[in-house]
1. So, in segment 22-47, exactly how many residues are of a type in the set (S, T, N, Q) and more than 15 Å from the chain's Cα centre (by Cα)?
2. Looking only at segment 50-70, how many residues end up being in contact with a helix residue (DSSP H, G or I) (Cβ under 6 Å, 6 or more places away or on another chain) and either farther than 22 Å from LEU37 by Cβ or modelled with pLDDT under 95 (or both)?
3. So ASP73 passes all but one of these: (1) assigned to a loop (DSSP other than H, G, I, E, B); (2) at pLDDT 95 or above; (3) not basic (Lys, Arg). Which condition number does it fail?
4. May I ask you to say which residue of SER15, SER2 is among the polar types (S, T, N, Q) and modelled with pLDDT of 95 or more?
Amino acid sequence: MSDDVAEFHAPQLLSTQIVDSAAEAVEAVLAADTLDLGVRVYNRLVPDDDSDDTLVEEWVVEIYTNAPAVDPDDDEDDDTPAEA
(Lines give C-alpha, C1' and ligand atoms only; values in the text may rest on other atoms or scores of the structure.)
Protein backbone atom coordinates (compact mmCIF):
# COMPACT_ATOMS: atom_id res chain seq x y z
CA MET A 1 0.00 0.00 0.00
CA SER A 2 1.32 3.43 -0.91
CA ASP A 3 2.21 5.96 1.79
CA ASP A 4 0.22 8.57 -0.18
CA VAL A 5 -3.08 6.77 0.35
CA ALA A 6 -4.95 7.59 3.54
CA GLU A 7 -6.19 4.64 5.51
CA PHE A 8 -9.99 4.39 5.41
CA HIS A 9 -11.87 3.60 8.61
CA ALA A 10 -15.48 2.65 8.01
CA PRO A 11 -17.90 4.52 10.26
CA GLN A 12 -19.49 2.45 13.01
CA LEU A 13 -23.23 2.41 13.51
CA LEU A 14 -24.06 3.91 16.90
CA SER A 15 -27.86 3.76 16.82
CA THR A 16 -30.91 3.38 14.64
CA GLN A 17 -34.03 5.45 15.27
CA ILE A 18 -37.38 4.87 13.61
CA VAL A 19 -39.67 7.90 13.62
CA ASP A 20 -43.12 8.63 12.23
CA SER A 21 -42.55 11.94 10.46
CA ALA A 22 -40.01 13.76 8.33
CA ALA A 23 -39.96 16.55 10.93
CA GLU A 24 -38.79 14.11 13.60
CA ALA A 25 -36.14 12.75 11.21
CA VAL A 26 -34.87 16.29 10.53
CA GLU A 27 -34.67 16.92 14.27
CA ALA A 28 -32.55 13.78 14.73
CA VAL A 29 -30.28 14.80 11.83
CA LEU A 30 -29.75 18.27 13.31
CA ALA A 31 -28.91 16.77 16.70
CA ALA A 32 -26.38 14.40 15.11
CA ASP A 33 -24.87 17.30 13.16
CA THR A 34 -24.44 19.25 16.40
CA LEU A 35 -22.43 16.31 17.75
CA ASP A 36 -20.46 15.99 14.46
CA LEU A 37 -21.80 12.50 13.79
CA GLY A 38 -22.59 10.88 10.48
CA VAL A 39 -26.19 10.19 9.46
CA ARG A 40 -28.03 8.03 6.95
CA VAL A 41 -31.75 8.74 6.50
CA TYR A 42 -34.32 6.88 4.44
CA ASN A 43 -38.02 6.21 4.51
CA ARG A 44 -39.99 3.05 3.92
CA LEU A 45 -43.55 1.80 3.82
CA VAL A 46 -44.63 -0.72 6.45
CA PRO A 47 -47.98 -2.37 7.21
CA ASP A 48 -50.22 -0.31 9.46
CA ASP A 49 -50.78 -1.82 12.90
CA ASP A 50 -54.47 -0.87 12.80
CA SER A 51 -55.30 -2.10 9.29
CA ASP A 52 -54.12 -5.08 7.27
CA ASP A 53 -54.57 -3.40 3.88
CA THR A 54 -52.93 -0.03 4.63
CA LEU A 55 -49.29 1.00 4.53
CA VAL A 56 -47.77 3.80 6.58
CA GLU A 57 -44.54 5.68 6.07
CA GLU A 58 -41.78 5.54 8.65
CA TRP A 59 -38.38 7.24 8.67
CA VAL A 60 -35.18 5.44 9.61
CA VAL A 61 -32.30 7.54 10.97
CA GLU A 62 -28.99 5.73 11.38
CA ILE A 63 -26.35 7.54 13.45
CA TYR A 64 -22.66 6.80 12.72
CA THR A 65 -19.34 7.75 14.32
CA ASN A 66 -18.59 9.85 11.20
CA ALA A 67 -20.10 10.47 7.78
CA PRO A 68 -20.58 7.28 5.73
CA ALA A 69 -18.57 7.19 2.51
CA VAL A 70 -20.55 7.84 -0.66
CA ASP A 71 -19.59 6.52 -4.08
CA PRO A 72 -19.85 9.57 -6.40
CA ASP A 73 -20.48 7.25 -9.38
CA ASP A 74 -23.51 5.67 -7.69
CA ASP A 75 -26.18 8.33 -8.16
CA GLU A 76 -29.62 6.88 -7.41
CA ASP A 77 -31.38 10.07 -8.52
CA ASP A 78 -29.60 10.25 -11.88
CA ASP A 79 -32.24 10.87 -14.56
CA THR A 80 -29.92 10.51 -17.55
CA PRO A 81 -30.86 7.51 -19.69
CA ALA A 82 -28.43 4.62 -19.90
CA GLU A 83 -26.42 4.36 -23.08
CA ALA A 84 -27.60 1.67 -25.47
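1. Taking segment 22-47 first, the residues of a type in the set (S, T, N, Q) are 34, 43.
Restricting the remaining residues to those that are more than 15 Å from the chain's Cα centre (by Cα) gives 34.
The qualifying residues number 1.
2. Our first condition is that a residue be in contact with a helix residue (DSSP H, G or I) (Cβ under 6 Å, 6 or more places away or on another chain); within segment 50-70, this holds for 59, 61, 63.
Okay, now just the ones that are also either farther than 22 Å from LEU37 by Cβ or modelled with pLDDT under 95 (or both), so none.
Counting residues in segment 50-70 that are in contact with a helix residue (DSSP H, G or I) (Cβ under 6 Å, 6 or more places away or on another chain) and either farther than 22 Å from LEU37 by Cβ or modelled with pLDDT under 95 (or both) gives 0.
3. Status for ASP73: all satisfied but (2).
4. Details: SER2 fails: modelled with pLDDT of 95 or more.
Selected residue: SER15, the only one of SER15, SER2 that is among the polar types (S, T, N, Q) and modelled with pLDDT of 95 or more.
The values are calculated or read from the model by the stated rules, or taken from the named source; none is laboratory data. Remember, it's a predicted structure, so these values are computed and weren't measured experimentally. Counting neighbours? That spans all protein chains shown, and the Cβs are built from the backbone with ideal geometry, glycine included.
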